[in-house]
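> Following this message is one structure expressed as structure tokens.
FYI, it's all coordinate maths here, none of it is from the lab. It should be emphasised that the depicted structure is a prediction, and the values quoted were computed from it without experimental measurement. Positions of Cβ are backbone-derived with ideal geometry, glycine not excepted, and every protein chain shown enters the neighbour counts.
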Amino acid sequence: MVLCSNENSLVHPMKSSVILKGFSAVLPPYHRPQEEGFEWLVDAHARAAATFEGREASLEKWRARISRMVRRYNCAAEHIGRRRSDLEDFMHTDWQRMEIFNLLESPQGKGLGARNRFYAETASRVVEELFAGDIEPPSDLLHVSCTGYASPSPIQRLIGLKRWHNRTLATQVYHMGCYAAVPALRIAAGLLQCPPRNGERRVEIVHTELCTLHFNPLDHSPEQLIVQSLFADGHIRYAMVPRDTAQEDHGAAALELLSVREEMVPDSLDDMAWVLSDWGFRMTLSRDVPGKVAAYAGLAIFSCLFVTKDERVHLGHCCAAEQWLHALLFTLHPLVLLSAGLLWPAAHGIRNACPGWIGYAGDERALLTAFCALVFGFGMFQFIYWNLL
């Protein structure tokens, strides 16, 4: 598996070949189709708003409003068939028997303490289930999560349960969000370089994520409706071992890890965040990127049309050579704008804006500067020719 092959990026080739194998998942027990999930979201948001206002009469008004918003901003059912959760609350609307989302008492649901206790209990149970059949201990255990924390952690409890105390080391990889698997692989690869504690070099990685636990029904923003209709819960384990010690298992899935890449994109720190609040963890997703792309595309289209505005005048006053020059301008204008748009990310240090189909060589800033100089020069020629000569 090649995570990146760009020679100019922050790629870390493996010093020795390693294999990822032994993939095993535990599915959360509660699930429903995406369309049914939309209805639950509408009921929960309406219930939370009515409780917050203290006016039961506003319930239907809120239900109608939220229904329109959910239909507009949701992640549609044709893209997501169903989602799973470890929390039974999402299977009914009997608010009085909700474990977390008793919205008749609190419009945001229970606080972070109750949610984290549920996480700790669930994660410990899942990790124990994932390793129920294991007898031989791994040299290292990595626990990856960004939706809850506990000490002792689920893998520490597992080590105690299995009596692997002096044979397995525990490492926590927390609060790295959607990209957490990448640093987890880098850490595991580094641990494989250490002398084994029990004669076997094997790092077990386990992910436990309960995203639905951090739903806030009192936040009706489009950003949060997208988040609440997109993420779900899931748990998986897999092992990293040196290739020279991996046993052949022709029926099992395995991946060879060739390199690992991580890169912080400049000026992107505020585009996505995962922060703690009184009621739980809150995700933010920036709208700047699609907005900026739309603005650039709109202005580019306007510019392509705007350059044709004087053609009626040119037709009566320009020679054949000038008409040919205008035809060339109309042909190149959209191509120049498209090229400038594609070069802009790389000129600002973003090398992975269009992975797989555009390769950046490192001289994009100079090329973009040359573009601007040529366009400015041609603009000055047009101004002087038509106004001063």
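> Between the DSSP loop rule and a limit of at most 12 other Cβ atoms within 10 Å, which trypsin sites (Lys or Arg not before Pro) in the stretch 44-123 are left?
55
> Obtain the nm distance between the two label points defined at residue 182 and residue 380 by a simple spin-label model: each point lies 7 Å from its Cα along the Cα-to-C-beta direction.
Here the modelled spin labels are 4.3 nm apart.
> Just from its helices, what would the mean residue ellipticity at 222 nm be for the chain, if runs of 4 or more DSSP H residues each count -39500 (n - 2.57) and the sum is divided by every residue, rounded to the nearest 500 deg cm²/dmol? Each step should come with its number before you reach the end.
Numbers: 10 runs with 160 residues, N = 389.
Per the formula, -13500 deg cm²/dmol.
> From a point 7 Å beyond the Cα of residue 104 in the direction of its Cβ, which residues of the stretch 54-85 have a backbone N at a distance under 16 Å?
Under 16 Å, as judged by backbone N against the label point of residue 104, lie 54-57, 59 of the stretch 54-85.
> Neighbouring Cβ atoms within 10 Å as the yardstick, rank 171, 122 fewest first.
171, 122
> Kindly express, to the nearest 10 degrees and within the range 0 to 90, the angle between helix 112-130's C-alpha long axis and the longest C-alpha principal axis of the chain.
70 degrees
> Here's a follow-up. Among 40, 324, 279, which one shows the highest mean-square fluctuation when the chain is modelled as a Gaussian network with alpha-carbon springs under 10 Å?
Highest fluctuation among the options: 324.
> Could I ask something else about it? What percent antiparallel are the DSSP beta bridges of the chain, to the nearest 5? Could you put the intermediate results ahead of the total?
On the way: 31 of 43 bridges.
Expressed as a percentage, antiparallel bridges in the chain total about 70.
> A further question on this structure: Would you work out if the stretch 122-209 is rounded, prolate or oblate? Take a ≥ b ≥ c from the square roots of the eigenvalues of the alpha-carbon gyration tensor; rounded if a/c is under 1.5, else prolate when a/b is larger than b/c, oblate otherwise. Don't jump to the answer; show the numbers that get you there.
On the way: a/c = 2.01, a/b = 1.14, b/c = 1.76.
Since a/c reaches 1.5 but b/c is at least a/b, the shape of the stretch 122-209 is classed as oblate.
> Can you sort 30, 385 so the residue with the fewest Cβ neighbours within 10 Å comes first? Walk me through the intermediate numbers first.
Numbers: 30 16, 385 10.
Ordered by Cβ neighbours within 10 Å, fewest first: 385, 30.
> Measure off 7 Å from each Cα along the Cα-to-Cβ vector at residue 69 and residue 339, then give the distance between these two points in nanometres to one decimal.
Label-label distance for residue 69 and residue 339, simple model: 4.6 nm.
> Ok, one more. Taking Cα centroids, how far is the stretch 77-127 from the stretch 38-62 in Å?
Result: 18 Å between the Cα centres.
> Another question, then. Rounded to the nearest 0.05, what FRET efficiency is calculated for residue 370 and residue 285 with R0 set to 35 Å and r the Cβ-Cβ distance? Don't skip to the answer; put the middle values down first.
Working: r = 36 Å, r/R0 = 1.02.
Working from the Cβ atoms, E equals 0.45.
> Among 275, 173, 313, which one moves the most in a GNM of the chain with springs linking Cα atoms closer than 10 Å?
Per the Cα network of the chain with a 10 Å cutoff, 313 tops the list.
> At a Förster distance of 35 Å, what's the computed FRET efficiency of residue 53 paired with residue 269, Cβ-Cβ distance as r, to 0.05?
E(calc), rounded to 0.05, equals 0.45.
> Sequence neighbours fewer than 8 away in the same chain don't count; with that in mind, list the aspartates and glutamates whose C-alpha is under 17 Å from residue 110.
Partners found: 86, 88, 89, 94, 99, 121, 219, 278.
> What full-extension length gain, to one decimal in nm, is calculated for residue 312 and residue 297 as 0.36 nm per residue of separation minus the Cα-Cα distance? Don't jump to the answer; show the numbers that get you there.
On the way: separation 15, 0.36 × 15 = 5.40 nm, distance 2.64 nm.
That pair, residue 312 and residue 297, stretches by 2.8 nm at full extension.
> I'd like the orientation of helix 59-73 relative to the chain: the angle between its Cα long axis and the longest Cα principal axis, in ° from 0 to 90, rounded to 10.
60 degrees
> Follow-up. Report, by chain and number, residues whose modeled amide H sits under 5 Å from the one on residue 108, excluding near sequence neighbours (fewer than 5 apart, same chain).
HN-HN under 5 Å from residue 108: empty list.
> Placing unit charges on C-beta atoms (Lys and Arg positive, Asp and Glu negative, everything else neutral), compute the dipole magnitude of the chain about its Cα centre in debye, rounded to 20. Can you show the working numbers first?
On the way: 37 positive and 43 negative charges, 52 e Å.
I would put it at about 260 debye.
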